[in-house]
1. In nm, to one decimal, how far is the S138 label point from the S49 one, both placed 7 Å along Cα→Cβ?
2. Springs between alpha-carbon atoms under 10 Å, Gaussian network over the chain: tell me which of P97, P140, P127 tops the mean-square fluctuations.
3. For the chain, what does the helix formula give at 222 nm: sum of -39500 (n - 2.57) over DSSP H segments with n ≥ 4, over the residue count, nearest 500 deg cm²/dmol?
4. List the relative contact order of the range 120-192 as a percent without decimals, with contacts defined as Cα pairs under 8 Å and 6+ residues apart.
5. Expressed as a rounded percentage, what relative contact order does the chain have, with Cα pairs under 8 Å and six or more residues apart?
6. Quick check: residue separation of R178 and L76 times 0.36 nm, minus the Cα distance between them. What number comes out in nm?
7. Could you check which residue among G20, G63, G181 shows the biggest mean-square fluctuation in a GNM of the chain with a 10 Å Cα cutoff?
8. Sort R110, R52 from largest to smallest accessible area, using a 1.4 Å probe on the heavy atoms of the protein chains.
Amino acid sequence: MDSQRRIWLIAAGAAGCVGGAGAALPFAESLGPSAKARAEGGPIEVDISALRPAEKMTVLWRGQPIWFLRRTPAMLASLEHTDALVADPMSKNQDVPTPTWAQNRWRSIRPEYLVVVGICTHLGCSPVDRFRPGPQPSLPANWDGGFLCPCHGSEFDLAARVFKNMPAPANLPVPPYRFIGEHKILLGEAQA
């Protein structure tokens, strides 16, 4: 084979490789998440300055309701009583892992603020607020306040810990978050 022909074959092969890579690159990029999907899954800032004691607000993040509850001193005191009644008081269950910084009685960075995913770990229903203590329909007479899943009756205390012998197998999940100010939370980035 003469050298001129060899040069042309190598040049044509190299051009074909570059062209193939150029055609494959847009296809490969299309397999990744869209800009909208990346934005919806990324960290978001949540301002909790308007949250009054005993109030809860909900923010949608990654298609899930995230609850922010500002607990009163009485609500926090009730957690000591429910320690013996809940299935996993220190959130050690690995089926629904809890960040180590939230493996405490109040399941949060700051005791006053609870941040959890508002989806029951049983079948994905959304529990309802039952913050008022005392006897109520579908709740025990010694109710200290918390959440009730109306679908199958799972009960959770004010730290979103599931009571013993309930259909829900685990506490409500704690999402990654951290405080970036006195009343601002960055949801989606874990506390160091």
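The values are calculated or read from the model by the stated rules, or taken from the named source; none is laboratory data. All figures in this text were calculated on a predicted structure; none of them were measured in a lab. Cβ placement follows ideal geometry from the backbone for every residue including glycine, while neighbour counts extend to all protein chains displayed. These area figures cover heavy atoms from the full protein model, side chains too; ligands, DNA and RNA do not enter into them. Shrake-Rupley method; radii C 1.70, N 1.55, O 1.52, S 1.80 Å.
1. Those two pseudo-labels are separated by 3.7 nm.
2. Top of the fluctuation ranking is P140.
3. Working: 3 runs with 45 residues, N = 192.
It comes out at -7500 deg cm²/dmol, rounded to the nearest 500.
4. Computed over the range 120-192, the figure is 22 percent.
5. Working: 313 pairs, mean separation 39.4, N = 192.
The value is 21 percent.
6. Working it through step by step, the gained length comes to 34.7 nm.
7. G20
8. The ordering from most to least exposed comes out as R52, R110.
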